[in-house]
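Before any comments, here is the structure.
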Amino acid sequence: MLCFCSFSLAANSWAGSYAYITNQGSNDVSVIDTAAHQVVATIEVGMGPVGVATSASLGQVFISNVDSQTISVIDTGSNQVIHEIAVPGSPVGLALSPDSKKLYVADWFADKVLVVDTSTLSVERSISVGKAPAGLIVSQDGGSLYVANRDSDDVAVINTSTMQVERRIAVGSHPFGLSLSRDGSKLFAVNVQDDSVSIIDTRTSQLTTIKVGDHPYCATPSRDGKRLFVTNTQSASVSVIDIPSRKVVNTIAVGEYPEGINYDAASDRIFVANWFDDTVSVIDASNNQLIASVKTGSKSRAFGQFILETAH
Amino acid sequence: MKKLFALLAIALMPLTAAAHGPSPQKVEKSVTIKAEPAKVWALVKDFGNMQKWHPAVANTKLEKKGDDTYRLLTLKDGGTIYEKLRSADDGDMKLKYEIVEGSLPVADYNSFITVKAGPGAGETTVTWVGRFYRVYKLNPPIPAGQDDESAVKAVTGVYDAGLANLKKVAEGK
């Protein structure tokens, strides 16, 4: 274990990471160097980009453009769009399988999850889920795909070998963002309309619900799995939950209407996209201090796993 | 034509009260008023008397439901808007409210108004911010009058007219 830890520390000192921030209003993606807190590239994509999924192994980032009904595929070497996939619905949430072979796409209005083969870039099937599927996340072993059904107030669990919905877990009102602990034992569903987060035991489906700020959207756990950071869109803040005690221990003021949030392991920092302010707030995860604000494009959303870790 | 769209929007709302549109829209408008902030804030925070400063509002009916406060705005064009007060913070001079239902072609609308001293001495800056979605809640094609542009245009009209008249009223002109 010690050996493993020192290995990952060494790897981190070599690795760089980048945040791919979707800007709904300017129809582009701001690429932020997470160490320098600077935008290093701005990439034009489709209309109304919202969802993001990054793949270090493919060297690609997938962006859902809900208003042009397309997925943009960005090559991370050149930071240019190399493909545009037309999808038959309104793509919002995105998630990749751990081997990056499948891209899952939530179709907001058709109540479906589309499965895209990332080698052929074709939609190979669709799975009916609950109403208004939003956030998606795949378990670390790739076996389960979790879908937040915003208007059914539940999370669907899809078995990815059969592509069938295996169970549905009732959560709070209008779940939007989903996140998983690194060990996969806990699933976090952010319930927009009742200002709460559900912490779900992925083995037993038992859950506890914790009140946070006003109209929360998304969540991300710290590397050690002890804290959960939650964006509160209508209170312009991030709630910090102590996961073992299930209590909010801190509230950090960020920009107006924060949406997407990710933990960056390489820098031990939290990146928050502020939709209203066109900025990304950077929080030092070690002390919960806001340390930087990075100007992005218009109406930044960054919905999904938007940090790309690259090892050199 | 405009009225027809507004009526259409009301007729459709109960049917489509579920998923909102995929892309939120925003409007932010500001005005500088030559009056003390306290005077301006008194007008803004008076949730049951919007007709005192908004020229499109004919009358305002305040309603209490338990701890919650609502208002029914009757507009001069005959439309109505039913709104819920979220908070009125005297310290920050910030009013937060949302639309429950009404004749504006928007969905999931929430808003705040802030009142701040400045930029000059004896001046006040009022900022009105809204976040909302279009009315149409299905995959394209999007019918005319229910798209993002119609929603933004309607809210922009409400804010521009309201802030201009708030300035007039507060400055006593």
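The values are calculated or read from the model by the stated rules, or taken from the named source; none is laboratory data. Every value quoted in this text rests on a predicted model; they were computed, and no experiment measured them. Note that we place each Cβ from the backbone using ideal geometry, even for glycine, and neighbour counts take in every protein chain shown. Remember, those area values only see protein heavy atoms, side chains included, never the ligands or the DNA or RNA. Shrake-Rupley method; radii C 1.70, N 1.55, O 1.52, S 1.80 Å.
Where the accessible area of chain B is counted over protein heavy atoms with a 1.4 Å probe, how much of it, in %, is carbon and sulfur? On chain B, the fraction of accessible area on carbon and sulfur atoms equals 57 percent.
Evaluating kT/(6 pi eta Rh) at 4 °C and 1.567 mPa s, with the Kirkwood radius of the range B:40-160 over Cα pairs in the Stokes-Einstein relation, gives 84 µm² s⁻¹.
Lysine pairs in the range A:180-312 whose alpha-carbon atoms fall under 22 angstrom of each other, counting only those eight or more residues apart or on distinct chains, come to 6.
Pairwise Cα distances in the range B:96-166 exceed 14 Å in 64 percent of cases. If R0 is 25 Å, the Cβ-Cβ spacing of A:Lys247 and B:Asp92 corresponds to a FRET efficiency of close to 0.45. If you run the Gaussian network model on chain A, springs between alpha carbon atoms under 10 Å, then out of A:Val87, A:Val190, A:Val45 the most flexible one is A:Val87. Okay, helix-only estimate at 222 nm for chain B: each DSSP H run of n ≥ 4 adds -39500 (n - 2.57), divide by all residues, round to 500 deg cm²/dmol; what do you get? Theoretical 222 nm ellipticity from helices: -8000 deg cm²/dmol. Looking at the range A:218-312, I'd like the Rg to Rh ratio, where Rg is from alpha-carbon atoms and Rh is Kirkwood's inverse mean 1/r. Answer for the range A:218-312: 0.95. The mean sequence distance of close C-alpha pairs (under 8 Å, at least 6 residues apart), as a share of the length of chain B, puts its relative contact order at 29 percent.
In this label model, A:Gln38 and B:Tyr82 are separated by 5.5 nm, measuring between points 7 Å along each Cα→Cβ vector.
Dimensions of the protein assembly as shown from C-alpha coordinates, computed as largest minus smallest value along each principal axis and given longest first, are 75, 45, 44 Å.
Across the range B:107-123, computed HN-Hα scalar couplings (Karplus, 6.51 cos²θ - 1.76 cosθ + 1.60, θ = phi - 60°) run 9, 6, 8, 10, 8, 9, 10, 10, 10, 10, 5, x, x, x, 5, x, 10 Hz from first to last residue, x flagging Gly and Pro. Given a Förster radius of 45 Å and the C-beta distance between B:Ala58 and A:Ser128 as r, what FRET efficiency does 1/(1 + (r/R0)^6) yield to the nearest 0.05? It comes out at approximately 0.45.
Semi-axes of the equivalent ellipsoid for the range A:128-236, computed as √(5λ) from the eigenvalues of its C-alpha gyration tensor and ordered from largest down, come to 21, 16, 11 Å.
If you take every residue apart from A:Gln80 with its C-beta less than 15 Å away from the C-beta of A:Gln80, what net charge results, scoring Lys and Arg +1 and Asp and Glu -1? For residues surrounding A:Gln80, the net value is -4. With the simple spin-label model, which puts each label point 7 Å out from Cα in the Cβ direction, the A:Asp214 to A:Leu290 separation comes to 1.5 nm.
So for the range A:82-191, what percent of the C-alpha to C-alpha distances run longer than 16 Å? When all Cα pairs of the range A:82-191 are counted, 53 percent exceed 16 Å. Using the Cβ-Cβ distance between A:Thr310 and A:Asp201 with R0 = 22 Å, the FRET efficiency computed as 1/(1 + (r/R0)^6) comes to roughly 0.10.
The B-A contact accounts for approximately 2100 Å² of buried accessible area, totalled over both chains at a 1.4 Å probe radius. Against the compact-protein benchmark of 2.2 N^0.38 Å, the Cα-based radius of gyration of the range A:9-161 scales to 1.03.
The H on the amide N of A:Ala110, modeled in the peptide plane, is under 5 Å from the matching H of A:Ser90, each at least 5 residues off or on a different chain.
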